[in-house]
Amino acid sequence: MSQEGKSMPPRSEVRGLVKKKKKTKKKPRFLTIFFSIFLTLLVAIALYLGYLVMKTNDAITDIGIDENKATQVPIQESVKEKPVAFVFLGLDARPKGGSLNTDVIKVAAFAPGSKTATVISIPRDTYIDVEGYRPRKANAFYADFYSAARKEGKDREDADLAGKKAVRDVLGKYLGIEIKYAASINFQGFSDVVDAVGGVGVNVDIRMKYIDNADGTNIDLEPGFQTLDGDKALDFVRYRKSNRGGQESSDFDRGRRQSEVISAILDKLISLGGLTKVGSVIEAASANIDTDMPESEIRRMLETYVGVRSADLSFMSLEGVWRSPYVYADKTSLEEVKAALSSKMAE
């Protein structure tokens with residue numbers, strides 16, 4: 001039959017056939033692009049997670065005690081299985097005006113079952129009198145025992161461990177719990193961590209103005225809610241005395257501000273964009289933190305408490321009365337913080 005004799009389909013059907021043909025051509029290309037992007041993202045995520053693992057391992061090595069020097073902790077006795085208490089020490093290690101005094105002291109008890117913690121702020125000038133030690137301010141124990149160890153010929157690392165051991169023992173007796181580990185962070189480390197998370201939002205409660213040309217201090221903060229970078233956040237938590245138009249503050253206020261900034265850092269890290277900042281935070285922390293915790297226990301600690309939020313932390317302060325040169329703890333407040341720590345350790 002000739003071509004003229006064949007019946008031709010309507011034009012609408014022809015158009016439909018053409019459209020279907022075009023779609024068939026586009027679909028494989030679209031899927032190829034989609035899967036290429038998807039695979040690229042997976043590779044990028046894998047590389048980033050690998051980077052974080054590498055960073056974390058390097059940080060743990062920098063922060064913790066070498067396994068050859070540490071007492072091995074069986075898994076059934078580890079932080080994964082039993083509550084543990086820490087003391088966290090903030091050292092003023094600035095180039096000008098710094099010292100070995102631990103002007104930030106926080107004792108924290110962690111419970112692995114509930115993945116929660118109780119954190120107690122101890123004013124730096126708290127008068128501590130416990131058996132086996134000469135009475136002195138809370139912030140002087142680390143400095144005194146570190147210096148004594150250095151005079152005995154010990155290197156910096158061993159002197160640091162001697163200072164931490166003394167603080168753990170003293171505050172453990174004072175608060176009625178076993179404090180198993182101590183960690184110290186210098187002021188620069190605090191500032192670097194805040195910068196690594198992109199700053200923190202806090203409420204500056206009073207006008208803060210203080211200048212000390214001797215050590216380079218220049219605190220100048222107006223009241224109100226604001227986002228602070230690392231240096232400003234450090235000013236916020238350090239502020240105590242005033243000149244040139246500021247308002248007086250206290251160690252009790254400083255403890256509350258420190259807790260506020262810690263909460264803001266935690267909330268920033270677990271936010272949607274927090275993952276991308278973890279590497280920078282690890283790097284900032286590892287360069288400025290030292291602990292007497294074995295490397296294996298640090299890994300277990302991270303595994304157990306990953307994802308902890310500020311809502312999982314209960315903050316309290318030891319209250320007291322300032323009578324120069326000491327803060328004398330209020331008996332009721334002391335019993336309350338001791339009970340809170342003991343309760344958390346019993347979970």
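Here the average projected area of the convex hull drawn through the C-alpha atoms of the stretch 64-345 stands at 15.2 nm².
Evaluating kT/(6 pi eta Rh) at 10 °C and 1.306 mPa s, with the Kirkwood radius of the stretch 220-259 over Cα pairs in the Stokes-Einstein relation, gives 148 µm² s⁻¹. Taken over the stretch 104-149, the percentage of Cα pairs per 10 Å bin, counting from 0 up to the bin with the maximum distance, is 23, 39, 26, 12, 0. Here, the stretch 219-316 has an Rg and a Dmax of 16.1, 50 Å when only alpha carbons are counted. A dipole drawn for the stretch 64-345 from +1 and -1 charges on Cβ atoms has a positive end, and of Phe141, Asn186, Ile270 the residue lying farthest that way is Phe141. Annotation for Ala346 and Arg150: the two label points, set 7 Å from Cα along the Cα-Cβ direction, are 4.3 nm apart.
Taking Cβ atoms as reference points and 14 Å as the exclusive limit, the residues near Lys331 contribute a net charge of -4, counting Lys and Arg as +1 and Asp and Glu as -1.
Values quoted throughout were computed directly from the atomic coordinates according to the rules given, and no laboratory measurement underlies them. Remember, predicted model here, so these are calculated numbers, not experimental data. Glycine gets a Cβ as well: all are built from the backbone with ideal geometry, and neighbour counts include every protein chain shown.
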